[in-house]
There are 2 protein chains.
Amino acid sequence: MSLTEKGVEVMGLGNIIGAAQAPRQSRGPGGARAAARRGAPRPVRGEQAAPKDEGPRLLLSKLPPLARRWGSAFCYSFCRDSQGLRSLLCPGPARHGEEGPGAASPLEGGGGRAGPLPGSGRPARNSNVLRLRSGRPLPRSAPRRSGTRPAAAGTVRRGRGPRREPRPPPPRLPVLSTCRARIDAETRPREAGRARRAAYRTDEGQPWVLPVVKKVEQMIANDHSLNHEYLPILGLPEFRAHASRIALGDDSPAIKENRIGSVQSLGGTGALRIGAEFLRRWYNGNNNTATPVYISAPSWENHNSVFVDAGFKDIRTYRYWDAAKRGLDLQGLLDDMEKAPEFSIFILHACAHNPTGTDPTPDQWKQIAAVMKRRFLFPFFDSAYQGFASGSLDKDAGAVRYFVSEGFELFCAQSFSKNFGLYNERVGNLTVVGKDADNVQRVLSQMEKIVRTTWSNPPSQGARIVATTLSSPQLFAEWKENVKTMADRVLLMRSELRSRLESLGTPGTWNHITEQIGMFSFTGLNPKQVEYMIKEKHIYLMASGRINMCGLTTKNLDYVAKSIHEAVTKVQ
Amino acid sequence: MSLTEKGVEVMGLGNIIGAAQAPRQSRGPGGARAAARRGAPRPVRGEQAAPKDEGPRLLLSKLPPLARRWGSAFCYSFCRDSQGLRSLLCPGPARHGEEGPGAASPLEGGGGRAGPLPGSGRPARNSNVLRLRSGRPLPRSAPRRSGTRPAAAGTVRRGRGPRREPRPPPPRLPVLSTCRARIDAETRPREAGRARRAAYRTDEGQPWVLPVVKKVEQMIANDHSLNHEYLPILGLPEFRAHASRIALGDDSPAIKENRIGSVQSLGGTGALRIGAEFLRRWYNGNNNTATPVYISAPSWENHNSVFVDAGFKDIRTYRYWDAAKRGLDLQGLLDDMEKAPEFSIFILHACAHNPTGTDPTPDQWKQIAAVMKRRFLFPFFDSAYQGFASGSLDKDAGAVRYFVSEGFELFCAQSFSKNFGLYNERVGNLTVVGKDADNVQRVLSQMEKIVRTTWSNPPSQGARIVATTLSSPQLFAEWKENVKTMADRVLLMRSELRSRLESLGTPGTWNHITEQIGMFSFTGLNPKQVEYMIKEKHIYLMASGRINMCGLTTKNLDYVAKSIHEAVTKVQ
């Protein structure tokens, strides 16, 4: 966010919603063309289209600007002339003159090293790189057109122009530098320093360490019976048990029947990833990367990337946000579920939908569950705001618990980042609800394998804090109070913002501000209005109109309301 | 470890070497046959062959033992009879009678749901499952042999035996349970509770929280200026800078030239994984999973799994341990490097090779580096014991620094688990040494993408402890003392064990005990002798003869020496 210093100082707008920049939509490895070959995920509706993916390119950092644009043919000669180094750019020319099998120099039209290793038998996939590295080796014995001589080693032939002097083979250099990492620094300007992540703020606009967390941290630091021995692969047992219990409820039939499992994970992201990796390997067949995965339109931008990187090839969206009525498009959602192939995986937001703040009502959840049961759709819940949304842990877990009571097998990725304010300790849990204990044990056994090659075993500190808190009635009660404090403040900001907008007579309806829930709200502002807010008012919203309610304070409410009023009345 | 209680009490043998069970060698997802199709990695030489991989099977938990062995044909009928439930076992029969497109019931020879989704066009890969789910759908209109009737819904046809009664379509149930997770609990008995991981022990056989760590933890708990806001994706900046500096040295040319990068990771495993994921995507072409990855024979068993799960298809071993001479097989190593395809990736142990404890001498490292440079081999160091091995941070980083001074681009996966005793806080760092700053920035930009879908941003506590320690001259000095304490105790145990064995006149030579370095030692005991040690003496070694020196104490040295003496003299 590029708030002016003055803006930050006066308004305390430090974290009003999130980065000004559009969310990055990763299409997985290999660049745009590889993504197209995979069948690139459709852009998540409602989100700004990802910046144009220019695909992998050579590192052209050392070239004059003209050569960067003209790339290929000049690349070699320029980089040699200006640097004497070539490893940054041309694995092919770097091996010019080498005698390796089939390794005709790319300067002679050969594949160079950017193609397959000799003998590997796989075609080069470098579709977006120098023509010098076409991947089609030209054997030295290839017939030549009469009247021409083969290009001498080290030369670049372009048409019939004067032939350059043959160059001596350049020094060979290792190839890490030739990794054609996208020139992200140029295509996607980023803020220096920390990545922008939405977090709770106090009414002073400050981060908040929950009092119960401070207390427990002191207890842990003073407990000399504790050590730092490795946790089990699946995590701290007390944490896992309590975390799943929090999600499912003490009286959960699944807990009673001993058919739940838990995997302590690195925040909600880690839980999603482990769950996704498991499903890709073991669900609906072995290694069935073709199972469709449905993500709401819109959704948290990282959902798509996680499932792509877990290996799924068919990521789709299901209708969710109805921009016209500023609410849930239930009919579209149910329709997409009816039409989804059986056994498709659906990512459901347990509460406080990110980014719309719009959740199905209990009755709507019933309808959703009915369709999912009939269609054999697999529910994968993302629960990042339990307690933080409504102030009630039970209420915010209502959807998950309903599905469990309906007999579903499901995953629930839980994050304790927001409701414990433990963002940077990466406290998460993947709750598995299976058919029976035996089945769950097998699932966990496979999850261990996945964890073992990812983080081996999870970090202790955050899990200890949460486990200590949840297992003590007194600390648990304190924690619930702290959570309610945060939830109530956000709810207050919602109602205050709405009432100001209505008092100002801002065109449109504003009940969605209070009907939505959680950290985020879809204001309904269009991209031009958002731009106005950012540039003229220094209030930072996503292009989608998403605002982070945590950034509102009693001090800036008036300013924000007036700014929205201006944006809506002045900009169409 | 199944030490008798008495054994533990009397001998303090709590952690003498490591789990009794053989290391698991994961072959990646999909079971044995899928691994074979991929070209399964050759077993790492010197390690006990992995337990037989029985591949994925249906969950047969509810079947009588006889049916488990006879699997397929009985499966359906038994599970129905005994349970009334079918989802655990038969995704095919679960959908018996369903009208989905192309979904002929597997009981009629159809593909069932274990195969591809209708229309997905991909062949089923379930080679090791019920014949009922062959993946070859039999259309209902398929011609029948004269004289036979098609199997009625719900029946199992076996030869010409009496036809069973047609059963009503079973209730449809979701399919998480049909994930054919390997029956690990049955094939690989495990200890309940924590996974066995090697860690330092005091002379009392206890875990040790470093005094400097306790001190810094108190400081952190009492520092009210700290909060829990998300770290940047790449981690805590102070940690990253100090961690890389520790590995490369303050006077590193790479640091001076600003061409290093760092990624805070989840221990050494996380660093290896992020590095492996990057290389698979961006090294030697795009998404070039065919680049050979060479791992020493033997090595830490998780190395193989990490690179498999990162997507590499061609994992090989390079010769390392010479069992006959109980030392480094330098000639074999160099030979394998000469023959490796150019640009292969080599996993090198920076010091204290796990499990052999045998490191190349400085001169031997020079020879290794020379070959690697000439052959364009990429060095990926695993540095888990810096300081812990010899007691000197600089000495233990000698190999890495030498390669850097020779101009290599390289990765170095660092773990602070052992040298800070912070096993369970998952403190690691991936140091990247590139050609120039620009190149490194691009590499880091790509690493951010990989981190974002794995753990999003790393955990704070451990990194804070390390950063605080490394950035304070006084705490840094204290830490080095603590590290030396651990290293010296292990070195003392080595020399004491050796001198006892030599005093006893135990057949063979025992200088390797003191020539090897770090936590582990390859005793040279053969599997039968190891079995004797375990069964008769309750001393736990790996089948490879690997012993964890940290498990030795002044109290048990005599017992261990005598036991080795017996094993060597009585068992051949």
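The values are calculated or read from the model by the stated rules, or taken from the named source; none is laboratory data. Please read these numbers as outputs of a predicted model, since none were measured by experiment. Ideal geometry is used to build each Cβ from the backbone, glycine not excepted, and the neighbour counts take in all protein chains shown.
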*Could you count how many residues in the stretch B:540-559 are more than 27 Å from B:Val483 (Cβ to Cβ) and aliphatic (A, V, I, L, M)?*
1
*Which members of the stretch A:359-394 meet the condition of being touching a residue at least 12 places away in the same chain (Cβ under 8 Å), charged (D, E, K, R) and either assigned to a helix (DSSP H, G or I) or within 26 Å of A:Leu492 (Cα to Cα) (or both)?*
A:Asp359, A:Lys366, A:Lys373, A:Asp382, A:Asp394
_Qualifying positions in the stretch A:383-406 - among the acidic types (Asp, Glu) and under 16 Å from A:Ser244 (Cα atoms)_ = A:Asp394, A:Asp396
*Scanning for something under 25 Å from B:Val306 (Cβ atoms) and either within 29 Å of the chain's Cα centre (by Cα) or part of a helix (DSSP H, G or I) (or both), does the stretch A:462-471 turn up at least one residue?*
yes
*asked:* Of everything in the stretch A:408-429, what is more than 8 Å from chain B (Cβ to nearest Cβ), over 18 Å from B:Leu266 (Cα atoms) and among the aliphatic types (A, V, I, L, M)? Give them in sequence order.
replied: A:Ala413
*asked:* So, in the stretch A:235-281, exactly how many residues are within 9 Å of chain B (Cβ to nearest Cβ) and either among the β-branched types (Val, Ile, Thr) or over 21 Å from A:Ser305 (Cβ atoms) (or both)?
replied: 3
*Within the stretch A:516-572, work out how many residues are of a type in the set (Lys, Arg) and under 16 Å from A:Arg326 (Cα atoms).*
1
*Out of the residues in the stretch A:223-234 that are at pLDDT 95 or above and more than 7 Å from chain B (Cβ to nearest Cβ), state the one that is surrounded by the fewest Cβ atoms within 10 Å (Cβ to Cβ).*
A:Ser225
*How many residues does the stretch A:208-222 hold that are of a type in the set (A, V, I, L, M, F, W, C) and part of a helix (DSSP H, G or I)?*
6
*Would you mind stating whether B:Ala477 is in a helix (DSSP H, G or I), modelled with pLDDT of 95 or more and surrounded by 18 or more Cβ atoms within 10 Å (Cβ to Cβ)?*
no
*May I ask you to list the residues in the stretch A:501-539 that are closer than 21 Å to A:Ala352 by Cα and of a type in the set (Ser, Thr, Tyr)?*
A:Thr509, A:Thr514, A:Ser521, A:Thr523
*Could you list all residues from the stretch B:348-370 that are within 14 Å of chain A (Cβ to nearest Cβ) and touching an Asp or Glu at 6+ places or on another chain (Cβ under 6 Å)?*
B:Ala369
*asked:* Give me the residue from the stretch B:282-299 that is away from chain A (no Cβ under 12 Å) and of a type in the set (S, T, N, Q) and, out of that set, nearest to B:Phe378 (Cα to Cα).
replied: B:Ser296
*Matching residues, the stretch B:300-315, being assigned to a helix (DSSP H, G or I), without any contact (Cβ under 8 Å) to a residue 60 or more places away in the chain and more than 7 Å from chain A (Cβ to nearest Cβ)*: B:Phe307
*asked:* Among (1) touching a His at 6+ places or on another chain (Cβ under 6 Å); (2) buried (at least 24 other Cβ atoms within 10 Å of the Cβ), there is one condition A:Leu470 misses while meeting the rest; what is its number?
replied: (2)
*Residues being more than 16 Å from B:Arg273 (Cα to Cα) and small (Gly, Ala, Ser) - total across the stretch B:300-332*: 4
*Is the stretch B:460-478 home to any residue that is facing chain A (nearest Cβ under 9 Å) and among the polar types (S, T, N, Q)?*
yes
*Would you pick out the residues in the stretch B:235-252 that are outside any helix (DSSP H, G or I) and crowded, with 16+ Cβ neighbours inside 10 Å?*
B:Gly235, B:Leu236, B:Gly249, B:Ser252
*Test A:Arg452 against the stated conditions and say whether it is at pLDDT 95 or above, away from every other protein chain (no Cβ under 14 Å), out of contact with any Phe, Trp or Tyr (no Cβ under 6 Å at 6 or more places or on another chain) and surrounded by fewer than 24 Cβ atoms within 10 Å (Cβ to Cβ).*
no
